[in-house]
Amino acid sequence: MELVKYPDPFLKKPTVEVADFGDELAQNAQEMLELMYGCKGIGLAGPQAGLDKSLVIINPSGKQEDELVLVNPQVVDFSGKDTFEEGCLSFPGIYSKIVRPSRISCIARTLDGREVSFDCNGLVARIVLHEADHLKGVLLVDRMSPAQRKAHQRELRRLRKEYNG
Ligand SMILES: [Zn+2]
């Protein structure tokens, strides 16, 4: 499993909802966790791992008890507003201040298909929103203002050049 980086078109493809909660899904999540920890990331979505699945893993602290695996996550309610300098493993070296809701309510399924609902805020809410964007093919660069994109144009060009070889 390899990290998929901008501007790979696979990142723009919306994912498919998971219907099969079997061994393969658990294996996917395990490999994604290894990939994320290997890159020192705090969140990873299926498309970033080359998977066409609504699967997200999150760990804001890196401690095992904070590990969160979300299947078919949906943000069903949100409130507040928060600005935070956001990065993305698919955009190495790029950080941009992004405005997002500060509190969210979510529903998702666990790896064995159980439905869970939870509220969160702060960094966890930020990561869930960022990863939920990935599942719809929405990327960090899409959340930037035109001025922010301009400010990062050199790094974005560097990534496009690296991708094309
Ligand atoms: Zn990302």
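The values are calculated or read from the model by the stated rules, or taken from the named source; none is laboratory data. No experiment lies behind these values; they were computed from the predicted model shown. Cβ atoms come from the backbone with ideal geometry, glycine included; neighbour counts cover every protein chain shown.
Among residues that are assigned to a helix (DSSP H, G or I), touching a helix residue (DSSP H, G or I) at 6+ places or on another chain (Cβ under 8 Å) and either without any contact (Cβ under 8 Å) to a residue 60 or more places away in the chain or not polar (S, T, N, Q) (or both), LEU51 is not included.
Of the strands (runs of 3 or more DSSP E) entirely within the range 62-131, those holding at least 2 residues that are in contact (Cβ under 8 Å) with a residue 40 or more places away in the chain and either hydrophobic (A, V, I, L, M, F, W, C) or touching a His at 6+ places or on another chain (Cβ under 9 Å) (or both) occupy 68-79, 82-86, 96-100. Taken across the range 133-143, residues that are more than 14 Å from the ligand (Cβ to nearest atom) and either free of Cβ contacts under 8 Å to residues at least 12 places away in the same chain or assigned to a strand (DSSP E or B) (or both) do not occur at all. Could you tell me whether ASN59 is surrounded by 13 or more Cβ atoms within 10 Å (Cβ to Cβ), closer than 28 Å to ARG103 by Cβ and at pLDDT 95 or above? So ASN59 fits the description; yes. For LEU33, the conditions (1) touching a residue at least 40 places away in the same chain (Cβ under 8 Å); (2) surrounded by fewer than 21 Cβ atoms within 10 Å (Cβ to Cβ) all hold with the exception of (1).
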